[in-house]
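Enquirer: Here it is, the structure in full.
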Amino acid sequence: MFFGGYDEDDDIQETSSQTDELESFKDVVAELDLGEPPDNVKEFARQHIGEQPDTRSSVLQEFRDMIYERGEVVPHRMDDAFLIRFLRARRFLVEKAHKLMANYYSFKENNPEIHKSLNPLNMRHIGDDNVLSVLPYREQTGRRIMIYKIG
């Protein structure tokens, strides 16, 4: 169907080809993001961030309970992998992690143009222009190395 300069069929075909292209990168993304960190990185997290394997599940449950009780935000995800990002960013302090999450969702709500139709394929210019590079190896403590070229 055609509406004054907008051809819906072209949009569907473009979205379909972008989805197919994203599927081809699925394995690469999984290899980068889902690898188990080395023991020395886990030890660093335990000492400096307060992440204790034996209390992780109880802290996650406390965080979930706080989210439900306060009702300030309705996260699109509540799985451990998503919630733990907020906890790690705030050294496993539940109150601070909740505030970070509230700020995150407030920003998303107040700036929908940034998150609307966000598609990695639309951000290709970042890689093509070498604005951001991720080295294929980690540094001596196991952290990823990212290089930003700004200016």
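Readers should treat all values here as calculations from the given coordinates under stated rules, not as data from a laboratory. What you see is a predicted model; the values in this text were computed from it and never measured. Quick reminder, even Gly has a Cβ in these numbers, built from the backbone with ideal geometry, and neighbours come from all protein chains shown.
Enquirer: Give the cross-link partners of Lys116 among the lysines, using a straight C-alpha distance below 22 Å as the criterion and excluding same-chain residues fewer than 8 apart.
Expert: Qualifying lysines at Cα under 22 Å: Lys26, Lys108.
Enquirer: Would you kindly state how much longer the chain becomes between Ser117 and His48 on full extension, computed as 0.36 nm times their sequence separation minus their alpha carbon distance, in nm to one decimal?
Expert: Stretched out fully, the Ser117 to His48 stretch lengthens by 21.2 nm.
Enquirer: Right, something else. Computed FRET efficiency, Cβ-Cβ of Arg91 and Lys149, R0 35 Å: what is it to the nearest 0.05?
Expert: 0.70
Enquirer: Determine the gain in length on full extension of the stretch Thr141-Ser58; use 0.36 nm per residue of separation and subtract their C-alpha separation, reporting nm with one decimal.
Expert: 27.1 nm
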